[in-house]
Amino acid sequence: NKDIRVIATRDADTVKITVSDQGIGIPADQITRLFRIDSPFKRKGTNNEPGTGLGLIMCQEYVTLLGGSIRAESTEGTGSSFVINLPL
């Protein structure tokens with residue numbers, strides 16, 4: 001399944017956006033590297049597409065500038081979720 005799911009929920013003062021896929025996932029020992037410019041994570045994707053390791057770092061910069069946070073959850077072989085929390 002190559003679907004990407006985007007879910008947004010809102011409470012009184014924040015919005016939570018979750019972007020999930022059912023791709024190849026990310027090894028647990030590599031999750032901490034996803035948002036580090038000094039150690040970018042590069043890996044071929046589900047369709048063998050190349051990655052630069054910069055996309056999530058850029059997302060983190062934008063989210064931080066907006067006063068929010070971003071984190072990744074992943075299980076290798078079953079997919080990944082990226083959770084963004086932003087103030088309203």
>> Could you check the spin-label model distance between residue 8 and residue 38? Points 7 Å from the Cα along Cα→Cβ, value in nm.
In response: 3.5
>> Cut-off 12 Å, label point 7 angstrom out along Cα-to-Cβ of residue 83: give me the residues of the stretch 11-27 whose amide nitrogen falls inside.
In response: 16-19
> Counting only residues 5 or more places away or on other chains, whose amide H sits under 5 Å from the amide H of residue 76 once H atoms are built in the peptide plane?
Replying inline: 26, 28
>> If you take every residue apart from residue 82 with its C-beta less than 14 Å away from the C-beta of residue 82, what net charge results, scoring Lys and Arg +1 and Asp and Glu -1?
In response: +1
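Taken together, the values in this text are just the output of simple stated rules run on the coordinates, not laboratory data. Quick caveat: nothing in here was measured; it's all calculated off a predicted structure. Don't worry about glycine lacking a Cβ; one is built from the backbone with ideal geometry, like all the others, and counts go over all protein chains shown.
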